[in-house]
Structures are given as C-alpha cells and as structure tokens.
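Q: Supplied in structure tokens, the structure appears directly below.
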Amino acid sequence: MKKLIFVTGGVCSSLGKGVAASSIGALMEARGLSVRMVKIDPYLNVDAGTMSPYQHGEVYVTDDGAETDLDLGNYGRYTNSPLSKANSITTGQVYQAVINKEREGRFLGRTVQVIPHITDEIKNRVLAPGKDPEVDITIIEIGGTVGDMESIPFLEAARQLINEMGRQNAISVHVTLVPAVSGGELKTKPTQHAVKELQEVGIQPDVLICRGTQPLEEGLKRKIAGFTNVEYEAVVSAHDVKTTIYEIPLLFHEQGLDTFLLKKMGIESRHADLRPWVEVVRKFQEPKSHIRIGVVGKYMDLHDAYKSVWEALYHGGIANEAAVEIVKIDSGRLEVDTADMKEIFADVDGILVPGGYGQRGSGGMVKAARYARENKVPYFGICLGLQIMVIETARNVVGWADADSTEFNPDSAHAVVSLLEDQVDVKTYGGTQRLGKSESRLKEGSLIRKLYGTESIWERHRHRYEVSNSYRADLEKAGLRISGLTPDDSLVEAVEWPDHPWGIGVQCHPEFKSRPTHPAPLFKSFIGACISSGRGARHGK
Ligand code: GLN
C-alpha cells in the first residue's frame, strides 16, 4: 500500500514547514524508499508566475515549465522527487478545473459544491504523483496555517484520505512553535492550541515538529505529548541549527523520527544511509577558506527572492570546502553618478548578477559587469545577468552608448536584447515566457563546455527577452564569445569573456537544479575561480 504523509503548520507562518517536509523526504530516501513531494498553496492564483517576488519570494521553475512556490526548490535540494506541474497544487487550479468541468456539463445536472467536488478534485491531485508504481510515499505540504479559511477544503481532503486509507497509511505531521518568553522559558501553550485547532477539523497529528530557538528537553516533550495525544517519541525538537539547514535531516534522525515513521506506517526497518548529509554538514562546518560574493540585484531586501541562487552558491562552497558569504548589493545603489565601484567591490571575490525583471537598477548591473570585466573579477550572469553582459559589451566595447534591452528602453537604436518577432504582440502575462527545460549546445573550446564536460545541456528557463541575432557578429567582434546556442542556432544560450579568469553568462537558471550533494557545475567552478583569483589573489594574500 502506498503511503501519504501530510505536513501542516500551526501557530504562525514561516516556521520552516518546507524544510521540515523536505527533511522527512530526505530521511525516507535514506531508508531506501521512493518519495514524491507535493506542495499545496491555498491561494487563488493558478500558479506563482504572475506574483511579485515581494509577495511570494522566488518563483521556482520545474522541468516542464511550471512556475511554482519556492518550497519546491527545497524539495529538489533535499530529495530525488521529480518535480513538475503535478507537484504544485493551488486553489486557483482546483477551482479552475472544477469550473471547467461544470461548463462542459460533466456533472450531469448536479449542484457543484465544495464538498464533495472541490475536495474530490484535491484528493485526485494529491494522489496523482504517487501513482507511479515505484513510489512508496507521497509527502504533501499544506501551505498556510491551520485555522486560515483558505486551507479548509485541503484539510478536509486530508481528513477524508486519512479516514479512507487508515492511519497507518496516511500520517499527519504538524509543525508548531515553542517560543521562549523573556527569561528564556519555553512555552508549550501555542502548540497545545495549534493541535486543538487541527483536531477540530478532524485530524489527530501523529508527529509534532516543534520549532524553537533552543532544544526541547525531555520534560517539555512529555508535557506536549500528554496534552496532544501524540506519542512521546513523535514529539521532535526542531531547534535552530548551528550552521546550515542541511543539518535538519540529521537533527530529526538523531531523535528517531524516521524510525518512528517507518514503524507507524508498518514499513520494515532498513538501515539509514545518511553519509551524504553528514559529509555536506562537515564541509559546512570545517571550511578551508572564506570568500565573499557580491550579488547585484534589485530585490535585495527580500531574502527569499533569490533563494535558489543563495543555496546554489552555498553548494558551490561545499564543493570547494569554502565558506561563502553573500554580500547583497542593491543595483540601484550603483546607478548614482558618485557610486565608486572600486570601493563597493573592494571586499568581494566575485560578482553575480541573478535574474530579474524591469528597468529599475539595470544601469547599476551594467556598471557591475563592466567593473568585473575590466578588473578581471570573476563574474557570473544568470538570465538577466547574461543580458547585462551583452548590453555592457555593446555599450562599452562596441561603443553604442544607447545599447539596451527593449525591456528597459523600447526606443533604443541598438536593441541588443529584445523580444522575438513572433512575441511582440503578446499582451497577456502568465504563461507567455520561455519556461522550463530546454536544450543548449555548448561550443567546442569554450569554458562552459569544459565545465559541463558535455556538448548538450538541459537546464530550465524563465524569460521573455533574447539576445538579438542581428547583433551577434558585432558582439563577437568586440570579444564576447557566444558559447552556447539552441540546437537550431536560433537563440543565444551562453556567452563568455575569453580573456578573463571567469566570466560566464547563461540564459538558463542552473541554480534550480543545484543540490548540496550534487552542486551545479557552474556554481562549483565559479566559487573555485573566486577562491583562486578573487580578493586574496588580488591583494597578494
Ligand atoms: N527580464 C528578462 C527577460 O524576461 C530576464 C528574466 C530573468 O532573469 N529571469 O528576458
């Protein structure tokens, strides 16, 4: 029998449900089980594609081009679960599907209602990823906090599935908060209330994951267990970890969570192989060098906006046994005339320009790219960061002062980045971008080809604008090597600075596929270059 694990949250948001669900996934895989991860977002948007990063943080893109919640990024970093449209469920999708069926007359004249029609649609979607015969467990994270109106149909669907499948086959894991009041005393009352709220919708949690700043002692665990009808060994302390969130699978394992879950689900116990996680944590804790990466972007005050980029930089650090410190530089700050690039970048070993949209701050990014090129500072351009390299070359090497992307200046006489002809008339947002996995061919002799070690790569895309093909020859003459193209040669996929220690721009987003246990090749190599040619080398250290 296939198993389900529902992960819900109580007390308040931002408790790290996504990392908790992912860590459970990692533990189940370490026990040799095959896992699928599903995120439920109880908002009405059909997907996260049209949401501002300020609303929602990063939009994570899957191979099949779904624009999803950033928790799917966590799933991808901790587990081997394939991620696609089917792994991200929103209220918008569920209602859209049910209303479409109603319009097609498929309910045969019946009244269409939240229960059972919406809940049935939810149940079908929750079960779909686990249909693959090799899957043992589907872990479903229900976004939001229990008690929110929005999540009621999802909790009802979970309740029905637990009831229908039996409690040994469908498990409830609830993530709560155990706050410390002044004086440091830990308080269990919010957890008691949060569990009551879950019980009110008919779900008895099997496991409680208690977030807090300090470890939960045995006495408090017993107290929580006693008040909530949860077994003592299923009350797990999820206190703040020392160095990295990749410690969390180990923290849960030390408290026997995986053993408990297997026992509860009646799965024969197997040896847990956690060596890859132990190794990741060791490299984090014993770095051999320390480097600083200046990331120049426009959503710098919102940490989650570039979540996968931060994580991929840390993975590059793991691969090189280096501690990576991220220096967030608001690109707007570089635009003012008095901004002194030498001073701003004096302390960084490498510069990264990540993805982004809109004109604001783009001039500052061009300045950062120029500084990196001229001063031989390693530079990594991702998506918009590639387009910035192209604009920078056109302006400062070719000499077209007005060179730009039509996204930033529709009237530029040298639109080196622009929409494809067949895109110009597109007026709607959502689904109008180049999204998901596609193939790039890497040129013989290029650095990027050497780093991937293969001619053909399949990375994920999310963008609307392209390098204008009519300017390719001018750019190459000016020294910008075009090192990657689509298989039909129609689109530029990668560029690099040949006479430079490390200057690469890619139109794709390699950060989405990076994992702590398998760092993405470009991040690994970029961090390596920052160690060997960065601040230390420049300052003669
Ligand atoms: N704004 C640019 C485009 O749409 C880059 C997008 C991105 O960086 N993801 O092409």
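The values are calculated or read from the model by the stated rules, or taken from the named source; none is laboratory data. Only a predicted model underlies this, so the values are computations on that prediction, with no experimental measurement involved. Note that each Cβ is placed from the backbone with ideal geometry, even for glycine, and that neighbours are counted across all protein chains shown. Heads up: the accessible areas ignore ligands, DNA and RNA and are worked out on the full protein's heavy atoms, side chains in. Shrake-Rupley method; radii C 1.70, N 1.55, O 1.52, S 1.80 Å.
Q: Quick one: V492 ticks every box in (1) more than 15 Å from the ligand (Cβ to nearest atom); (2) open to solvent by less than 50 Å² (accessible area, probe 1.4 Å) except a single one, so which number is it?
A: (1)
Q: Of the numbered conditions (1) among the hydrophobic types (A, V, I, L, M, F, W, C); (2) surrounded by fewer than 20 Cβ atoms within 10 Å (Cβ to Cβ); (3) closer than 18 Å to G356 by Cα, M341 satisfies every one except a single condition; which is it?
A: Among (1) among the hydrophobic types (A, V, I, L, M, F, W, C); (2) surrounded by fewer than 20 Cβ atoms within 10 Å (Cβ to Cβ); (3) closer than 18 Å to G356 by Cα, the lone unmet condition for M341 is (3).
Q: Kindly list the number of the only condition in (1) within 12 Å of the ligand (Cβ to nearest atom); (2) buried (at least 23 other Cβ atoms within 10 Å of the Cβ); (3) free of Cβ contacts under 8 Å to residues at least 60 places away in the same chain that fails for Y357.
A: (2)
Q: Does any residue of region 141-153 turn out to be assigned to a helix (DSSP H, G or I), among the hydrophobic types (A, V, I, L, M, F, W, C) and in contact (Cβ under 8 Å) with a residue 24 or more places away in the chain?
A: The answer is yes, given that some residue of region 141-153 is assigned to a helix (DSSP H, G or I), among the hydrophobic types (A, V, I, L, M, F, W, C) and in contact (Cβ under 8 Å) with a residue 24 or more places away in the chain.
Q: Can you pull out the residues in region 46-89 that are polar (S, T, N, Q), open to solvent by less than 20 Å² (accessible area, probe 1.4 Å) and in contact with a strand residue (DSSP E or B) (Cβ under 8 Å, 6 or more places away or on another chain)? Outline the logic, then answer.
A: We begin by selecting, within region 46-89, every residue polar (S, T, N, Q); these are 50, 52, 55, 62, 68, 74, 79-81, 84, 87-88.
Subsequent filtering for residues that are open to solvent by less than 20 Å² (accessible area, probe 1.4 Å) retains 62, 68, 74, 79, 81, 87-88.
If the condition is that a residue be polar (S, T, N, Q), open to solvent by less than 20 Å² (accessible area, probe 1.4 Å) and in contact with a strand residue (DSSP E or B) (Cβ under 8 Å, 6 or more places away or on another chain), then T62, T68, T79, S81, N87, S88 are the ones that fit.
Q: Hey, another quick one. Going through region 82-120 one residue at a time, which ones are assigned to a loop (DSSP other than H, G, I, E, B) and closer than 20 Å to D47 by Cα?
A: Correct list: P82, L83, S84.
Q: Could I ask something else about it? For region 190-221, enumerate the residues that are small (G, A, S) and part of a helix (DSSP H, G or I).
A: A194, G219
Q: Based on this model, can you work out whether H500 counts as within 16 Å of the ligand (Cβ to nearest atom), surrounded by fewer than 23 Cβ atoms within 10 Å (Cβ to Cβ) and not hydrophobic (A, V, I, L, M, F, W, C)? Reasoning before the result, please.
A: Values: within 16 Å of the ligand (Cβ to nearest atom): no; surrounded by fewer than 23 Cβ atoms within 10 Å (Cβ to Cβ): yes; not hydrophobic (A, V, I, L, M, F, W, C): yes.
Judged against the criteria, H500 is not a match.
Q: Now for a different question. From the list E511, E496, E455, exactly one residue is more than 27 Å from E321 (Cβ to Cβ) and of a type in the set (D, E). Which is it?
A: It is E455.
Q: Something else now. Can you tell me which residue in region 222-272 is farthest from L33 (Cα to Cα), limited to those that are charged (D, E, K, R), in contact with a Leu (Cβ under 9 Å, 6 or more places away or on another chain) and assigned to a helix (DSSP H, G or I)?
A: First, pick out the residues of region 222-272 that are charged (D, E, K, R): 222-223, 231, 233, 240, 242, 247, 254, 258, 263-264, 268, 270.
Checking which are in contact with a Leu (Cβ under 9 Å, 6 or more places away or on another chain) leaves us with 233, 258, 268, 270.
With assigned to a helix (DSSP H, G or I) added as a condition, the list becomes 233, 258.
Numbers: E233: 22, D258: 11 Å.
Checking each candidate, the answer is E233.
Q: Okay, moving on. Within region 436-461, which residues are within 16 Å of the ligand (Cβ to nearest atom) and surrounded by 20 or more Cβ atoms within 10 Å (Cβ to Cβ)?
A: Those that are within 16 Å of the ligand (Cβ to nearest atom) and surrounded by 20 or more Cβ atoms within 10 Å (Cβ to Cβ): S440, E459, R460, H461.
Q: For region 367-384, how many residues are more than 14 Å from the ligand (Cβ to nearest atom) and of a type in the set (V, I, T)?
A: Total meeting the criteria: 1.
Q: Evaluate region 518-539: report whether one residue or more is surrounded by fewer than 15 Cβ atoms within 10 Å (Cβ to Cβ) and either within 16 Å of the ligand (Cβ to nearest atom) or within 25 Å of the chain's Cα centre (by Cα) (or both).
A: Yes, that holds for at least one residue.
Q: Give me the pairs, please: first residue somewhere in region 254-279 and at positive phi, second residue anywhere and open to solvent by 80 Å² or more (accessible area, probe 1.4 Å) and of a type outside the set (S, T, Y), beta-carbon distance under 9 Å, and either six or more positions apart or on two chains.
A: Every condition considered, the pairs that remain are G256/E233; G266/M1; G266/Q168.
Q: Could you check region 373-401 and list, in sequence order, the residues that are farther than 22 Å from I531 by Cα, surrounded by fewer than 24 Cβ atoms within 10 Å (Cβ to Cβ) and among the charged types (D, E, K, R)?
A: Of everything in region 373-401, just one residue is farther than 22 Å from I531 by Cα, surrounded by fewer than 24 Cβ atoms within 10 Å (Cβ to Cβ) and among the charged types (D, E, K, R), namely R395.
Q: Continuing with the same structure: Considering R275, R270, which residue is open to solvent by 20 Å² or more (accessible area, probe 1.4 Å), under 18 Å from S22 (Cα atoms) and out of contact with any helix residue (DSSP H, G or I) (no Cβ under 7 Å at 6 or more places or on another chain)? I'd like the intermediate steps shown before the answer.
A: On the way: R270 fails: under 18 Å from S22 (Cα atoms).
It is R275.
Q: Enumerate the pairs (first residue in region 385-400 and within 12 Å of the ligand (Cβ to nearest atom); second residue anywhere and of a type in the set (F, W, Y) and open to solvent by 10 Å² or more (accessible area, probe 1.4 Å)) with beta-carbon separation below 7 Å, excluding pairs fewer than 6 apart on the same chain, so at least 6 apart or on different chains.
A: Correct list of pairs: Q387/Y465.
Q: Still on this structure: How do the strands (runs of 3 or more DSSP E) wholly within region 455-500 filter down when requiring 2 or more residues that are under 21 Å from A369 (Cα atoms): which remain?
A: So the answer is 481-485, 492-496.
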